[in-house]
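Student: Handing you a structure now.
Read-outs: derived from the displayed coordinates by stated rules, not from any lab. What you are looking at is a predicted structure, and each value in this text was computed from that prediction instead of being measured. Cβ: placed from backbone, ideal geometry, glycine included. Neighbour counts: every protein chain shown.
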Amino acid sequence: MYTPVPPLEAAIIGSGSQEFWNVFARFRVQGTELEEFAPTWNWSTFILGGFWYIYRKVYVWGGVILQLIPTAIPSIGSPIAVVVGIGNVVVANYLYYLYVRDKAKKIKAAVASDEKALRIARYMGGVNIWAIWVAAPILLFFFV
């Protein structure tokens, strides 16, 4: 079922907002205010790991994943690293959903005007293009 992205959430998400909103629909229990986790697959997180969170401005989870993955990899192919990596890919969309939901609630609570809320969301939301430039050489080093 197609549901357009509310303007505030679209401003927070930035690029790809409709695609994310379609995935986020899996976490909302239809016809209620309830939410629940549902496993999804995030190819960007599979490829970029914690850098995807930094790109999407979810700094806390980006830091956690960037710290957790290297400590879980005593050697390439470690079973713990595989479990952490796959777990990260499966929960990434849900963690991003929680981030967008909470950011929208905070902005709505802090600002009375919809116009001002959108300006704040555009400023605080979106993506960090620089994260790609930081991640690319690091990932290239590890893959080579």
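Student: Among 53, 99, 123, which one shows the biggest mean-square fluctuation in a GNM of the chain, springs joining Cα atoms closer than 10 Å?
Tutor: Among 53, 99, 123, the largest GNM mean-square fluctuation belongs to 123.
Student: In what order do 106, 57 fall by count of nearby beta-carbon atoms within 10 Å, going from fewest to most?
Tutor: 106, 57
Student: Given the rule -39500 (n - 2.57) for each run of at least 4 DSSP H residues, summed and divided by the residues of the chain, what is its mean residue ellipticity at 222 nm, to the nearest 500 deg cm²/dmol?
Tutor: For the chain, the value works out to -21000 deg cm²/dmol.
Student: Output the 0 to 90 degree angle, nearest 10, between the alpha-carbon long axis of helix 114-124 and the longest principal axis computed from the alpha carbons of the chain.
Tutor: 10
Student: Any idea what the alpha-carbon Rg over 2.2 N^0.38 Å comes to for the chain?
Tutor: The value comes to 1.13.
Student: Further question: Going by how many other beta carbons lie within 10 Å of each one, how would you line up 27, 51, fewest first?
Tutor: 27, 51
Student: I've got another one for you. I need the calculated FRET efficiency for the pair residue 113 and residue 32, taking r as the beta carbon distance and R₀ as 30 Å, to the nearest 0.05.
Tutor: After rounding, the FRET efficiency stands at 0.55.
Student: Could I ask something else about it? For the chain, take the longest principal axis of its alpha carbons; what is the angle in degrees between that and the long axis of helix 59-71, to the nearest 10 within 0 to 90?
Tutor: So the helix axis and the longest Cα principal axis differ by about 10 degrees.
Student: How much net charge surrounds residue 60 when only other residues with a Cβ under 14 Å from its Cβ are counted (Lys, Arg +1; Asp, Glu -1)?
Tutor: +2
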